[in-house]
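Contents: one structure, followed by commentary.
The values are calculated or read from the model by the stated rules, or taken from the named source; none is laboratory data. Just so you know, these numbers come straight off a predicted model, no measurement behind them. Heads up, the Cβs are rebuilt from the backbone with ideal geometry, glycines too, and the neighbour counts pull from every protein chain shown. Just so you know, the surface numbers come from the protein's heavy atoms only, side chains and all, with ligands and any DNA or RNA stripped out. Shrake-Rupley method; radii C 1.70, N 1.55, O 1.52, S 1.80 Å.
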Amino acid sequence: MAYSIDEFHTDYTRHRARQLATFWTVAVLLLALTWATGQLAGFFRVTQLTLADGSRAEAWVLAAGLPRLGEYIEKTIPVLRVESIGADFAEWFWRWKTWARLLLETVLIGFLATFFGVTGGLLLSFTAARNLAPARWIFWATRRTLEIARTVPELVWALIFVFCFGVGPLAGVLAIAMHSTGALGKLYSEANENIDMRPVEGVKAAGGSWADQMRWGVLPQVIPNVISYTLLRFEINVRSSSIIGYVGAGGLGQELRTAISLQEYTNLSALFLIIFATVMVIDWASEKLRHRIIGLGKTA
Amino acid sequence: MLLEVRNVSRVFGAKTAVDRMSFTLDKPGFLGIIGRSGAGKSTFLRLVNRLTGASGGEIRFRGKNVLALRGAEMRAWQSQCAMIFQQFNLVPRMDVASNVLHGLLNRRSTLATMFSLWSDADIHRALEILDRLGIAEQAAKRAEALSGGQQQRVAIARALMQDPAIILADEPIASLDPMNAQIVMDSLRRIHDEDGRTVIANLHTLDTARRYCDRVIGMRDGRIVFDGRPDQLSAAVAREIYGANEHFSEAATSTSIDVLEPGDAELLPA
Ligand SMILES: Nc1ncnc2c1ncn2[C@@H]1O[C@H](COP(=O)(O)OP(=O)(O)OP(=O)(O)O)[C@@H](O)[C@H]1O
Ligand SMILES: [Mg+2]
């Protein structure tokens, strides 16, 4: 008995109905979840505020607070006049000598942390790959180590290392390196899990040790991925190292902290511009480099 | 006794891939293993090389049970029984010479192998072997840039670099065209004739087995169902091995390797 049009129609309608039911269930659940979390976060709170004439009124918290954001940003805008633009700029960036030194420190922290993060992440990525780990328990142990390293936020690692090694860039380097090891180790290990196992088997069959198998069977296959992830990480690490000074771990962060707590608003905008420009330059340069490397992998 | 295989088995879950295989080899030979897909040919070679563990039995090489070896001793054995794969299993992104030098991974210090610090003598030998296989001029190219037939010769060169007593070849010509298939099989035969190395090759065609082997083992469902000289491979025996019914035709198990006249091979590097 052939499958008739009518039968197809019934089946199709049933299938559609099931799809729609799934869609609406998920949609309603998501909406409820969003509402509940918004409630928890105080999104729908109504707050009291004083109007210009001194009377009190009630308003939704976001509507009441938004103008204050404008006020804050306005305060950070320096006075720049056409006739004295040079002098005004000099005043805006008056601490440029300190800032330049701290910017260099920031980039160096990012660089060194990336270096250690790559080293640690790469070494651990082989035992953290399901297809490569020499034993189940080693796989498990490295996976957990990497998880801990990246779940603890950089600022918390920084606080711990400042406590151990004192205020300064060393603590910052270690903190960001720790987090990078965890993050890169995971990314690298995922690349390792997606390789072609035949070269690994070739090396193994020739009597190569586990290390030989990793070095020659795996590494040549994943190196473009490793480089690409590393450049991306360097950029992220420079951003992180500009914050980490907040807890005394070196870099521009300490200036940000002073500016915020002493309410030096124009300093804040100057610092923001510096960080923004730096990250942009790194972003641009690493993207160029990344494309070249990916391009190389394709053509060669 | 060179090689003694005694009651070797390998079980995967409910599937017995290799079922109490036994045979002996008293002097170097060119051995072909035939059988249809799933007969356990690959599993057997991988057992010998220790890429896979055995479920039972012994494989004695010059009296020593190689299935009992562990760690460095096992790797030393692996370097004595080189393996050649259907898909070549080279490191595609690396140059040919480095791939050949990988045959020395077990013979040099970790420091040297990690940073590829090969001596001039080693490199020289790798080039000599490549030259013997007729592909010396490819030495600096990336392995992935070579044709399948050339890649398989690189794999043979890597195997020779190991200076092995035995070469295990798992369907070495199954992904090659007839011309390249012949070059590869001729090379393996020559390595056996000139160096006295044992070759055990899984072959998927009767023709190739008849043409190159001194001895053929037929496998079916993990068991040896034939063990003899190639000229004893009658149609009835083939039916037994391949499990075909009266419609069985030998053509189904042959490739066009025979379309090449013997003289054609002279055009090719020997
Ligand atoms: N790693 C494995 N896990 C589970 N079963 C396996 C594994 N390797 C092989 N087998 C099974 O063992 C049997 C023999 O496989 P094997 O690869 O040795 O056959 P073969 O003779 O080489 O076949 P082919 O000609 O297709 O390569 C098959 O049924 C296969 O499914
Ligand atoms: Mg096979």
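Table for the structure above
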| quantity | calculated |
| --- | --- |
| Calculated FRET value between A:Phe43 and A:Thr76, using beta carbons and R₀ = 25 Å, to 0.05 | 0.45 |
| Probe 1.4 Å, accessible area per residue of the stretch A:212-265, Å² | 37 |
| Estimated 222 nm signal from helices in chain B, with DSSP H stretches of n ≥ 4 weighted -39500 (n - 2.57), rounded to 500 | -10000 deg cm²/dmol |
| Heavy atoms of A:Met197 accessible to a 1.4 Å probe, total area in Å² rounded to 10 | 70 |
| Threshold 10 Å² - residues in the stretch A:208-226 whose accessible area is reduced by that much or more when the chain is no longer isolated, probe 1.4 Å | A:Gly208, A:Ser209, A:Ala211, A:Asp212, A:Arg215, A:Trp216, A:Pro220, A:Gln221, A:Pro224 |
| Solvent exposure, largest accessible area first (probe 1.4 Å, DNA, RNA and ligands not counted), of B:Val18, A:Val61, B:Val11 | B:Val11, A:Val61, B:Val18 |
| Members of B:Lys15/B:Lys64; A:Lys186/A:Lys288; A:Lys186/B:Lys41; B:Lys41/B:Lys141; B:Lys41/B:Lys64 lying beyond 31 Å, as alpha-carbon distances in this model show | A:Lys186/B:Lys41; B:Lys41/B:Lys141 |
| Spatially proximal lysines relative to A:Lys97 (Cα-Cα < 25 Å; intrachain offsets below 8 disregarded) | A:Lys75 |
| Rg ratio (alpha-carbon, reference 2.2 N^0.38 Å) - chain B | 1.00 |
| Between B and A, accessible area buried - total, square angstrom, nearest 100, 1.4 angstrom probe | 2000 |
| Choice from A:Gln263, A:Gln221, A:Gln19 with maximal GNM fluctuation in chain A (Cα, 10 Å cutoff) | A:Gln19 |
| Quotient of Cα Rg and 2.2 N^0.38 Å for the stretch A:113-201, N being how many residues it contains | 1.20 |
| Spacing of the two label points (7 Å from each Cα toward its C-beta) at A:Trp96 and A:Ser4, in nm | 8.7 |
| CD proxy at 222 nm, helix term only [per DSSP H run n ≥ 4: -39500 (n - 2.57); per residue of chain A; nearest 500] | -25000 deg cm²/dmol |
| Nearest-10 value in Å² for the accessible area of B:Asp122, using the 1.4 Å probe | 10 |
| Longest DSSP-loop-exposure-free segment, chymotrypsin sites (Phe, Trp or Tyr not before Pro), chain A, at most 13 other Cβ within 10 Å | A:95-300 |
| Residues of the stretch B:88-102 buried by at least 10 Å² on assembly (accessible area, 1.4 Å probe, chain alone as reference) | B:Asn89, B:Leu90, B:Val91, B:Pro92, B:Arg93, B:Met94, B:His102 |
| Distance histogram for the stretch A:92-299 (every C-alpha pair counted, 5 angstrom bins, percent rounded to whole numbers) | 1, 8, 14, 16, 16, 14, 11, 8, 6, 4, 2, 1, 0, 0 |
| Computed FRET value (nearest 0.05) for A:Val279 with A:Arg136, which takes r as the C-beta separation and R₀ as 35 Å | 0.25 |
| Calculated log₁₀ intensity ratio I(q)/I(0) where the Debye formula runs over C-alpha points of the stretch A:1-66, q = 0.11, 0.16, 0.19, 0.26 Å⁻¹ | -0.55, -0.73, -0.83, -1.03 |
| Translational diffusion coefficient (Stokes-Einstein; Kirkwood radius from C-alpha pairs) of the stretch B:1-123 at 10 °C, 1.306 mPa s, in µm²/s | 97 |
| The protein assembly as shown - convex hull of the alpha-carbon atoms, volume per residue in Å³ | 290 |
| Set of aspartates and glutamates near B:Lys27 by C-alpha distance (under 18 Å), chain-local residues within fewer than 8 positions excluded | B:Glu4, B:Asp163, B:Asp193, B:Glu194, B:Asp195, B:Asp214, B:Asp227 |
